[in-house]
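*Asks:* Questions regarding the structure given below will be posed in turn.
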Amino acid sequence: MSYDYLFKLIFIGDASVGKTAITDRLMHDRYLGRYDNTIGVDFACINTVINNKDRIKAHIWDTAGQESFASIITTYYRGIAGAAIIFDLTRKESFQRVDFWLNELKNKRENNQPISILLIGNKKDRSRREVTIGEIENYAKIHDLIYIETSAKTGENVHNAFSLLIKDIYKNMDPQDLGTGIRRHFSYDENEKKKLKEQRDCQRADWCCCLC
């Protein structure tokens, strides 16, 4: 599938919160049950359509949650249009670490240009919940984050979460100045040149001085 816009995204969060499981659900609509810890960074590519018009290709960097890989991950904070911070609803410490991941986003990007940030509480299917919806929504409101709860196991809300992030980037995008982490398809410039040529040809035709 070709595309109109390419969005670069990063998935971050502590180890074992479900980043790779969510990516796998998005890519293949499956859940394998057990996932090995990501070594450094994995890459995924997902296509979608906005408003039945613009085709979006998303490049996703699925990062390791262990601090031992922090130096490797640093490079991937640069040049992104959006981020998903993922935590485990059954592990309160993973929610408490959201502050750390927000600071990583703030301190390791190449500029202070605002980006879309989605907060995902994963493992919604489990009954042993350690974080209440109230404290999460309050946190999201304070930090101006979009919040959604998902289950990579059942697939609940996983595609909705991805759609929320993509739509927020698209909504805030300036077509004249795309900003960091967004680019048009390489054919865009050629199409624009063609349109300008057609406009000039029409103008010449309107001002033709020949007698017919």
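The values are calculated or read from the model by the stated rules, or taken from the named source; none is laboratory data. Predicted model, so just to flag it, every value in this text is computed and none were measured. Reconstructed Cβ throughout: ideal geometry from the backbone, glycine too, with neighbour counts over all protein chains shown. The protein model used for the area step is the full one, side chains on, heavy atoms only, and it has no ligands, DNA or RNA in it. Shrake-Rupley method; radii C 1.70, N 1.55, O 1.52, S 1.80 Å.
*Asks:* Every residue in region 14-33 that is at positive phi and modelled with pLDDT of 90 or more, please.
*Replies:* S16, G18, D29
*Asks:* Residues in region 101-157 that are touching a helix residue (DSSP H, G or I) at 6+ places or on another chain (Cβ under 9 Å), open to solvent by less than 20 Å² (accessible area, probe 1.4 Å) and assigned to a helix (DSSP H, G or I): how many?
*Replies:* 2
*Asks:* Considering only residues that are open to solvent by 30 Å² or more (accessible area, probe 1.4 Å) and not in a loop (DSSP other than H, G, I, E, B), look in region 6-33 and name the one that is farthest from L165 (Cα to Cα).
*Replies:* Among them, the one singled out is H28.
*Asks:* Now a separate question. If I ask for residues that are free of Cβ contacts under 8 Å to residues at least 60 places away in the same chain and assigned to a helix (DSSP H, G or I), which ones from region 158-183 would you list?
*Replies:* N160, L164, K171, N172
*Asks:* Return yes when F162 is surrounded by 15 or more Cβ atoms within 10 Å (Cβ to Cβ) and out of contact with any Gly (no Cβ under 9 Å at 6 or more places or on another chain) and no when it is not.
*Replies:* In short, yes.
*Asks:* Just give me the residues in region 106-131 being closer than 13 Å to D168 by Cβ and in contact (Cβ under 8 Å) with a residue 60 or more places away in the chain, in sequence order.
*Replies:* Answer for region 106-131, where residues must be closer than 13 Å to D168 by Cβ and in contact (Cβ under 8 Å) with a residue 60 or more places away in the chain: just I115.
*Asks:* If I ask for residues that are part of a loop (DSSP other than H, G, I, E, B) and closer than 15 Å to A21 by Cβ, which ones from region 85-100 would you list?
*Replies:* Matches in region 85-100: L89, T90, R91.
*Asks:* What do you reckon, is D36 open to solvent by 20 Å² or more (accessible area, probe 1.4 Å), assigned to a loop (DSSP other than H, G, I, E, B) and modelled with pLDDT under 90?
*Replies:* So D36 fits the description; yes.
*Asks:* Please tell me if L89 is touching a residue at least 12 places away in the same chain (Cβ under 8 Å) and within 20 Å of I166 (Cα to Cα).
*Replies:* When the stated conditions are applied, L89 does not pass them.
*Asks:* What tally of residues in region 41-61 results from selecting those that are modelled with pLDDT under 90 and surrounded by 14 or more Cβ atoms within 10 Å (Cβ to Cβ)?
*Replies:* 2
*Asks:* Quick check: anything in region 64-84 free of Cβ contacts under 8 Å to residues at least 24 places away in the same chain, surrounded by fewer than 17 Cβ atoms within 10 Å (Cβ to Cβ), among the β-branched types (V, I, T) and not in a helix (DSSP H, G or I)?
*Replies:* No, because not a single residue in region 64-84 is free of Cβ contacts under 8 Å to residues at least 24 places away in the same chain, surrounded by fewer than 17 Cβ atoms within 10 Å (Cβ to Cβ), among the β-branched types (V, I, T) and not in a helix (DSSP H, G or I).
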